[in-house]
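Take a look at the structure below.
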Amino acid sequence: MGKRKVGALEKVDADLANLQYKVRRDPASYRDDFQNQYNQYETFRELFLQNPGTTDSGGIVSLRDLIDFISHVASCYPDLTAKFPDDLIQIISLHHEVLESELRDKIVGSLVLLRNKDVIDSSKLLNTLFPILVSTPSKSLRALLFTKILSDLRSSNVKGTNHKLNRTIQTVLYNLLTSDRASPKGIWAVKITRELWKRQIWTDSKAVEIMKEASLADNEKVITGGVRFFLGGDKEREEMADDTDDDENVDIGKLRHQAEINKKTKKKGRELKRAADKVRKQEKKKNAPHPLNFSALHLLHDPQGFAESLFTKHCQNSKSKLALESKILVLQLVSRLVGLHKLTVISLYSYFLKYLTPRQASVTSFLACLAQATHNLVPPDVLEPLIQKIANEFVSEAAASEVAAAGLNAIREICVRQPLAMNDTLLQDLVMYRKSKDKGTMMAAKGLLSLYREVGAELLKKRDRGKDAAMGLRIGEMKERRFGEEQAGEIEGIELLEKLKEEERRKRREELGLPPDLGTDEEEEEDEIDNWKNWDVESDSSDDEDGWINVESDGEDINISDSDDDSKPVAKKPRLSSAPADGADGEKENSTTPSKSAEPEAKKISKLLTHHILTPADLKKLQELKVQSSVTSQLSSFKKRQALAAKHADEGVTSADIEAPAKLGKKMTREEKIAGAKGDKDEHHKSTTAIRKEKKASEGKSTTNKEKARKKNFLMTLGKAKGKQKRSLVDVRRTLKGHIERSKRGGKRGNAGM
Amino acid sequence: MGSSAKKKKEKKKDFQKAKLRVGKGKLKAANATDTSFKAKSIALKQQSLTANAPTVEALCAHHLALLNHKSDTQRRDSLAYLTTAITSNPPGIPLPQPSSVILPAVQRLILDGSSKVREQLLKLFQSLPKGDIASHTDQLLLHTRAGMTHLAGEIRVFALDVLEWLLGAAADEVVSCSGGWVKMLRCFLGLLGWQTEVSGKWSTPQSFVLPGKAGGDAKVQVKQMHALALFLRAGLVPSQSLAPVDGSGCTFPLWQTQHHLVSQRSNAYAHLNLFGAPRDEEAEMYEDREDRQRVFHDRAEPAIVVGLEQATKGGGEMGRAAAQLKKILKEGMMDYRGEDFAII
């Protein structure tokens, strides 16, 4: 055997990191070395399997190092390492309880690494890790596995939703929850689902279904986890989305400017590029359409069944041993579902009866739940005893002022949603409390009074009704809404839009020299086509940007309306065609002017929608018109309150809402008063110049030489301080000029009065 | 700025030096902690009341525990103590600690980083009675293999020493234990760089096989070949010890009774592998010489022949070692070839 070249590896002893580096650069040449290491790993593994609990840290090279090495270069030798992932999986799933913690973590990390190098696929990894997560007694391993599982799920959903993987994992989680309802293991399903929901990776009904099963479990932790998800998961998701939106606003202009001035290095160039990329991405995100995510409560398949089973299982069932806190959570969810979907769970209301005493712990939550569970389809006779009980227990002269205020407010919240639940004697009694000395009680009673002035004035005494309500009753405008009656839906301000369209049409006809009011079909159709052309407000400008010019072909109009030419559509008939063609008259006769709409019978439902499809441009116009005529300001307080109630349908009533008026009566401490008076104002006063300067500095604008000189350290200027005699001619001139100027102005401050 | 005299005095106070006085005790430091305490009685919990020294057994157990110590010298000293305890043990009296306790504790040190520890370990091995080794061969062999594939050259060389000792003590068990034949062969091929699998048509460069240290290359290879020769002799050449047993065991009406009796070896049914994980071809036990020959022919022979040819061409000491190995190979595979031809 001749003289052999000395390989580089021979110089190093037991240096796996070095070998790893070389193998990755040139896998083919180091194949034998790798093979030897792999053999070594296999013998170590056998040794280890003889006694999995022991540590082999005594030697120079441990199994942990070998596993690390092989998993890093496994992708270079797929044929040699075909069995490697399965070996690791076998070790971790059989022995995870007795493994030494470092080795255990290394194996988990290696499996994730193999997944990232695409040696194994995600479902295999997750199917390995998840059972361990559920069964291991070690807290640190659980934390590790949880993060790894989450990050893998996230990374496999980055480019696009990986439906297959999501579905398998969701099924695994679902089965975990349904297979053993009493076990606390289900908490992991809850945790994973909630996290992925928060990050908007899972937004489908399957995830909601998992949480539904969790809330119907038998373990208290799992139940509260599931219920909390429904109560707060969507809010969390929104907050998360907001957070990610405004992280680090990069000032690209400033960076560019700095790059021009400072030393140019490759690193700085790269940084600039990255910043530009980021800004571009942010712009893109800003312009991207808002992702349409339904809330979890809306994605439920069978809210009625869910609410019923939740209620019977956790609240009504005398065997359920939930703590009061979790019971309230469940109750909140049930009442939220009932209020949101207008469900009918009659036994829910009688259940509340037991808890409506001032001595009940966290009774305001119960009151809030009750208010939340009320909607206009709840039979009033079910609610009546509840209101009676609240009135008896809470609202009396003997009760504390906070209690009375809370009770009155709760009654009001219930009656906003179902006004029919009140009878006149009780209402008249309650309204008397507006004379109470306590401010909170007084305000709450006034709230009730003003509510009934609008929804049921005839229940009030005549002198309590107020002017508007009394007049409304006499005319007959105000009518009591019957049970189950719904208001006809409409688009607010649609009559304004219709009027505008009418005017536009008339103008065009006048231009053409036709009688303004009589319109023919052809013109109507032309109108329509015009509308379709400028479908979107922005689309016009975008067309120009693209550089495409639309050339319209003559006479080949696409007829979008499906009406035949000879049959006249009824809706398109010009209104009041017999009227003379007079501009002023025409305007007067427009049926939907605001002055006329004051009369209830004359209010005609606009027919615009029956023959037009509103384009986005139309909607935008409508918005403008609404703002112009300030329709919103004309809303009566009742409508405002109804809008508030609608808000509640989405957000739910909290105990804080019930407690709010009670706080009015309380005297604030001095500190509270000071804090309230200060509010969120700036603490320090700043002069306008200081503010202006700060603004300039924050914009990254430069300072004048004078300012720089002023800022300069005093000691640095000492050497250059000059006497009066040594000044330059320019300086002397400047001082003299300044003197003249000042004397002209009348002093340093420039007294304008002189 | 103008601080009062009082303030100045206060400031100075911190840095004033306490004066030492004759006849008075030394002043205590400002941060001295008072550790005195009062108690009605003082009981020492772990007070040893034995008057005589610990026994040898106890000391051995203690030193066995010390084998995990992090200091090299401590490990070596403990091994040395165990060695002297074993060698000084008069024959006929059982060892202070049985081999079945010592071996599992000690075998891990085959992979020890320090050469002194390893040398001492070999001495300890050699001091152990040979009869006790047989039942621990598979474990010892596992560690030896781990040593032979080790990344550090010294440990690889040392593992060969251990193997030689092992072959001397329990040759039969070594070649017939689970994974003892095929895996060892593969291990040797890897060591010598005579890999069998050549991927594709491309000529593979002279692999950077794992030599010892650069320079001692040839010597190491000679040593490897020597160990391989010993190993092959144990596995392939029929042992002489069996033949006389064959002859003597004729109690007239029964023939070859020893084949029908339960084997004398420990764990006689190990080859059935009733409780372990399923084995593949590599991990299988090859108890018969014929089996071993067949597997050797299938898996290792071509590579070894090619490697030997190269080594013989090299000449010198290596050539001599190669020639010896060739001889053993010829001897071991002689009858196998004949059989092969006969079957065909």
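Any of B:Lys130/B:Lys183; A:Lys479/A:Lys621; A:Lys266/A:Lys712 with alpha carbons more than 29 Å apart? Name them for me. Going by Cα-Cα distance, A:Lys479/A:Lys621; A:Lys266/A:Lys712 fall outside the 29 Å limit. Spin-label model, B:Ser71 to A:Asp79: label points 7 Å out along the Cα-to-beta-carbon direction sit 5.2 nm apart.
The mean sequence distance of close C-alpha pairs (under 8 Å, at least 6 residues apart), as a share of the length of region B:55-132, puts its relative contact order at 35 percent. Once the Cβ-Cβ distance of A:Lys389 and A:Phe294 is raised to the sixth power relative to R0 = 45 Å, the FRET efficiency obtained is 0.75. This ranking places A:Met478, B:Met334 by how few other beta-carbon atoms lie within 10 Å of each, fewest first, which gives B:Met334, A:Met478. With a 10 Å cut-off around each Cβ of B:150-160, the average count of Cβ atoms from other chains is 4. Which FRET efficiency value, to the nearest 0.05, do you get for B:Thr84 and A:Thr171 by plugging their Cβ-Cβ distance into 1/(1 + (r/R0)^6) with R0 = 51 Å? In this case the efficiency is close to 0.20. Spatially, region A:188-265 and region A:56-129 are offset by 30 Å when compared through their Cα centroids. Region A:447-518 and region B:111-160 have Cα centres separated by 99 Å. In order along region B:98-106, the Karplus-derived 3J(HN,Hα) couplings, from 6.51 cos²θ - 1.76 cosθ + 1.60 at θ = phi - 60°, round to x, 4, 5, 8, 5, 4, x, 6, 8 Hz, and Gly and Pro are given as x.
Sites listed here are trypsin sites (Lys or Arg not before Pro) in region A:294-335 whose DSSP assignment is loop and whose Cβ has at most 11 other Cβ atoms within 10 Å: A:Lys319, A:Lys321. In terms of packing, defined here as the mean over residues of other Cβ atoms within 10 angstrom, the peptides A:435-447, B:179-191, A:92-104, A:465-477 line up highest first as B:179-191, A:435-447, A:92-104, A:465-477.
Working from label points 7 Å from Cα in the Cα-to-Cβ sense, the A:Lys663 to B:Leu254 distance is 9.9 nm. The calculated FRET efficiency for the pair A:Lys701 and A:Arg749, based on their C-beta separation and a Förster distance of 30 Å, comes to about 0.65.
Of all GluC sites (Glu not before Pro) in region A:358-434, which ones are in loop regions per DSSP and have a Cβ with at most 11 other Cβ atoms within 10 Å? Those that pass, being in a loop and sparsely packed, are A:Glu397.
Taking a straight line from the alpha carbon of A:Lys321, these lysines sit under 16 Å away, with near neighbours fewer than eight places off in the same chain left out: A:Lys221, A:Lys313. Within the set A:Lys354/A:Lys673; A:Lys139/A:Lys278; A:Lys435/A:Lys663; A:Lys83/B:Lys70; A:Lys106/B:Lys116; A:Lys720/A:Lys748, which residue pairs have Cα atoms separated by over 28 Å? Pairs exceeding 28 Å: A:Lys354/A:Lys673; A:Lys139/A:Lys278; A:Lys83/B:Lys70; A:Lys106/B:Lys116. Legend: mean number of C-beta atoms from other chains within 10 angstrom of residue C-beta atoms, peptide A:428-441, equals 0. I want to make sure I understand the PRE zone here: with the label point 7 angstrom from the Cα of A:Ser101 toward its beta carbon, which residues in region A:140-184 have backbone N atoms less than 17 Å away? Only A:140-147 pass the distance filter. Each residue, B:Thr50 and A:Arg733, gets one label point 7 Å from its Cα in the Cβ direction; the gap between the two is 10.8 nm. Partner lysines whose Cα lies under 23 Å from the Cα of A:Lys273, excluding those fewer than 8 positions away in the same chain, are identified as A:Lys159, A:Lys254, A:Lys263, A:Lys264, A:Lys281, A:Lys284, A:Lys285, A:Lys286, A:Lys701.
Sites listed here are trypsin sites (Lys or Arg not before Pro) in region B:67-170 whose DSSP assignment is loop and whose Cβ has at most 12 other Cβ atoms within 10 Å: B:Lys70. Packing around the peptides A:451-460, A:112-121, A:501-510, taken as the average count of other Cβ atoms within 10 Å per residue, puts them in this order, highest first: A:451-460, A:112-121, A:501-510. Candidate cross-link partners of A:Lys164 among the lysines, defined by an alpha-carbon separation under 25 Å and a same-chain spacing of 8 or more, comprise A:Lys117, A:Lys124, A:Lys148, A:Lys185, A:Lys191, A:Lys198, A:Lys206, A:Lys212.
Where a number appears in this text, it was derived from the coordinates with a stated rule and is not lab data. Remember, predicted model here, so these are calculated numbers, not experimental data. In this analysis, Cβ positions are derived from the backbone assuming ideal geometry, glycine residues included, and neighbour counts consider all displayed protein chains.
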